[in-house]
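First comes the structure, then the notes that go with it.
Quick note: the coordinates plus some simple rules give every number you see, no bench work behind them. All values derive from a computational prediction rather than experimental measurement. Positions of Cβ are generated from backbone atoms using ideal geometry, with glycine treated the same way; all protein chains shown enter the neighbour counts.
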């Protein structure tokens, strides 16, 4: 009789444990983070601003280079005049000093261009990092909200790759893919000129 009770208790315990495990089963959703980042209207807006800033810096750099070209021509002319034997040695010395001053100015200009180029490159990289971080933060917040609302405990990025360039996520039937829903929510507040058609839900099953 004792053994029967023990068996019954053991059976009930195992049943309760299995039921608890089933109720706490992990629900997994997927998103294509690359698609979300690329097609989010704020990414396009920030990229455009970045390109405009880059264009302004290129124009400024071209202006500096034009000035350097003029300085070089002036230096070459002064240097040639400093060697003109038709004028007095006193005049040649005067022209030589003017050429040396112009050469110094030319070298300073070269250094300024070098510093400007390095500073511009750093500024553009920092602007890109800030933009990327802000956009990813907003995307993550939206994905988290969608996952919680859907009762998912884990969301996997189907576009993720290993350091070797191989896919991390190899298969999904697309039934729990949140990409389109998240993208629609992200772009809901987009200005009219930034609005673009969102991919059809069937696209969520691509590249799985």
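Prolate is the label for region 26-205, because the ratio a/c of its alpha-carbon gyration tensor axes (a ≥ b ≥ c) is 1.5 or higher and a/b is greater than b/c. Pairwise Cα separations in region 138-194 fall into 10 Å bins from 0 onward with the following percentages, short to long: 19, 43, 29, 8, 0.
Centre-to-centre separation between the Cα atoms of region 53-71 and those of region 173-194: 41 Å. A simple packing score, the average count of other Cβ atoms within 10 Å per residue, orders the peptides 34-45, 49-60 as 34-45, 49-60, with the highest score first.
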